[in-house]
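Data block below; observations after.
The values are calculated or read from the model by the stated rules, or taken from the named source; none is laboratory data. Bear in mind the structure is a predicted one, so any value in this text is a computation, not a measurement. Here the Cβ is made from the backbone with ideal geometry for all residues, glycine too, and neighbour counts use every protein chain on show. We work out accessible area using only protein heavy atoms, side chains counted, and drop any ligands, DNA or RNA first. Shrake-Rupley method; radii C 1.70, N 1.55, O 1.52, S 1.80 Å.
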Amino acid sequence: LLHVVAASLLYLITKETTKQTILAMVASLIFVILAVHHENILWISGFSSLAGSTSALASIYLFFLFLRRSRFAIGWFVLSLVFSALGLLWYEGMLAMPLAIAAVLIFFGKKRQWWLMAPFIVLIPIYWWIRTAANAVPPSGNYGVRLSTLPFNVIGNTIGYIGMTIVGPYSADFFAGL
């Protein structure tokens, strides 16, 4: 169900950015059938990234609604911020959300609106404080970013995702045998 919500949000965002219904439908359909999502949909251990991504998509769409300046603009902004925070609580990869909001501002916002980024950026130290207070393990190993292994991770992940997209989950057997 959450995957369908994410696909619906992708449809709305694509339609908002391109104004093309067919393109939005094709993009969300590809998202739904893409084999690379099977782990997040079928395994409970992958649920956090699906919930985080869905929260991120909701945050981006609500931010678009805010930029329209309707009479509910402040509400859309607050909800966008809330969903951004929820995304962080689900999955630490959502630390990149301020970059997504910045991209929306750059391409679809008005000039001199950079102050709108501040609440989204403030979420990062708040998240880090909560994580530290909870004695959570700092990002490291396979889940953190090390500059020394970054090029290998980027290349390996790119090859893996292309394989998953073209062949489906069966490509994992090929890579496991290497």
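Observations on the model:
Residues checked against (1) small (Gly, Ala, Ser); (2) open to solvent by 40 Å² or more (accessible area, probe 1.4 Å); (3) modelled with pLDDT under 75:
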site	(1), (2), (3)
4	no, yes, no
12	no, yes, no
21	no, yes, no
27	yes, no, no
33	no, yes, no
41	no, yes, yes
46	yes, no, yes
50	no, no, no
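- Scan of segment 87-96 for residues that are among the small types (Gly, Ala, Ser) and either open to solvent by less than 40 Å² (accessible area, probe 1.4 Å) or in contact (Cβ under 8 Å) with a residue 24 or more places away in the chain (or both), ordered by number: 87, 93
- Scanning segment 66-86 for residues that are more than 23 Å from residue 49 (Cβ to Cβ) and open to solvent by less than 20 Å² (accessible area, probe 1.4 Å) yields 66, 73.
- Restricting attention to segment 112-127 and to residues that are over 17 Å from residue 77 (Cα atoms) and in contact with a helix residue (DSSP H, G or I) (Cβ under 9 Å, 6 or more places away or on another chain), the residue that is surrounded by the most Cβ atoms within 10 Å (Cβ to Cβ) turns out to be 127.
- Of the residues making up segment 97-111, those that are among the hydrophobic types (A, V, I, L, M, F, W, C), more than 20 Å from residue 132 (Cβ to Cβ) and open to solvent by less than 70 Å² (accessible area, probe 1.4 Å) number 6.
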